[in-house]
Amino acid sequence: GGLSAEIDSLTKGANMKFLPMKTLMAHAMKHGYAVPSFCAWNAEVMETILEICRRLRSPVILMAGPGEFPLLGPASNAAVARALLAKYKVKAALHLDHGDSLEMVKECVKAQFTSMMLDFSTRSFEENATALKQVCRMCHPKGITVEGEIGAVGKCDSTTVEGSKGSRLTDPDEAAEYARITGVDCLAVSIGNAHGSYVKLPQFDFDRLARIHEKVRIPLSLHGGTGTPDDHLEKAVSMGIAKVNVATALISALTSKSKPLIS
Ligand code: 13P
């Protein structure tokens, strides 16, 4: 349909290669949807994701980072992903998720990832902004997308008021300043979302998201996609969320499917 045709025209003549994440997100913003983004740590997981996305005619972002690299390092992860992409011909990006150092970003540039997140959200504003500016300077000339995070998305737990440990909600003015200084293409926001399985259903701060979207005119990314109610997702997508990250749901599905094999 329209979606495939439009992205096709962007990649005409090109071999089926990973696209910059920016390309996928721009299309998503224009047409009012979010690109699903999955942590993928081995060939089986990547193949399942690509197979389903081909069937659904959906673009997708394959991600890996510090949680996945002990299983398959950047070069191997990218090589396996490229081999599978050639078979499935899905519109896809290969993204570094929660990169924790400039060295890791460089390694992923070398491995031909098409998008990078350096997560310095727990550091000072200055340190975070300076590093992300540097990543943009390194990546943009190569056509590689850059994602930063301001405010911090924590992990689900049952003890804190926000339902999440280590969270610091994104301040809209700070986000605007951060986007302006760094030049990032995509911004991860903290609006009541958290990584892991929600202990109680999240309550997103939509007023905050609306203000962020108004001040920061770049695509936004929602981390902690697992367990997010559909109505929350729909509303968030109408307010600039163009990428939804999922990891825990995949791991849970795999664990439950593996039980009969193990016992
Ligand atoms: P979940 O594990 O909650 O789905 O979050 C994934 C994520 O945000 C990866 O960056």
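The values are calculated or read from the model by the stated rules, or taken from the named source; none is laboratory data. Note that the structure is predicted; figures quoted are calculated from it, not measured. All Cβ positions, glycine included, derive from the backbone under ideal geometry; neighbour counts span all protein chains shown. Note: areas computed on protein heavy atoms with side chains; ligands, DNA, RNA excluded. Shrake-Rupley method; radii C 1.70, N 1.55, O 1.52, S 1.80 Å.
Some observations on this one:
- Think of a 1.4 Å ball rolled over the protein heavy atoms: the chain then has 47 Å² of accessible area per residue.
- P(r), alpha carbons of the range 144-234 - 10 Å bins starting at zero, rounded %: 18, 50, 28, 4
- Legend: residue pairs K142/K215; K155/K243; K133/K200; K30/K200; K142/K257, Cα-Cα distance threshold 30 Å; pairs beyond threshold, K133/K200; K30/K200; K142/K257.
- Computed over the chain with a Gaussian network model linking Cα atoms closer than 10 Å, the most mobile of D157, D185, D97 is D157.
- Computed over the chain, the per-residue total of -39500 (n - 2.57) for DSSP H runs of n ≥ 4 gives a 222 nm mean residue ellipticity of -13500 deg cm²/dmol, rounded to 500.
- The charge dipole of the chain, taken about its Cα centre with unit charges on the Cβ of Lys, Arg, Asp and Glu (plus for the first two, minus for the last two), comes to roughly 900 debye.
- Under the criterion of Cα pairs below 8 Å and six or more residues apart, the relative contact order for the range 103-159 equals 39 percent.
- Counting Lys and Arg as +1 and Asp and Glu as -1 over every other residue whose Cβ lies under 14 Å from the Cβ of C108, the net charge comes to -3.
- Choice from T170, T23, T48 showing the highest fluctuation, given a GNM over the chain with Cα pairs closer than 10 Å: T48
- Percentage relative contact order, the chain, counting C-alpha pairs under 8 Å, at least six apart: 17
- Kirkwood-based shape ratio for the range 36-148, expressed as Rg/Rh from alpha carbons: 0.99
- About its Cα centre, the range 162-219 has a charge dipole of approximately 160 debye under the convention of +1 per Lys or Arg Cβ and -1 per Asp or Glu Cβ, with nothing else charged.
- Share of carbon and sulfur in the accessible area of the chain stands at 55%, probe radius 1.4 Å.
- Size of charge dipole - the range 114-263 - debye, nearest 20, with Cβ of Lys, Arg +1 and Asp, Glu -1, no other charges: 460
- On the principal axes of its alpha carbon atoms, the chain extends 50, 44, 39 Å, with the longest extent given first.
- Cleavage-rule hits, trypsin sites (Lys or Arg not before Pro), the range 47-78, DSSP coil, Cβ neighbours within 10 Å at most 16: R57
- Alpha carbon centroid spacing (whole Å) that separates the range 132-148 from the range 43-121: 17
- FRET efficiency, Q203 to D100 (Cβ-Cβ, R0 22 Å, nearest 0.05): 0.15
- Principal axis dimensions, largest first and in whole angstrom, of the range 207-252 by Cα: 36, 19, 13
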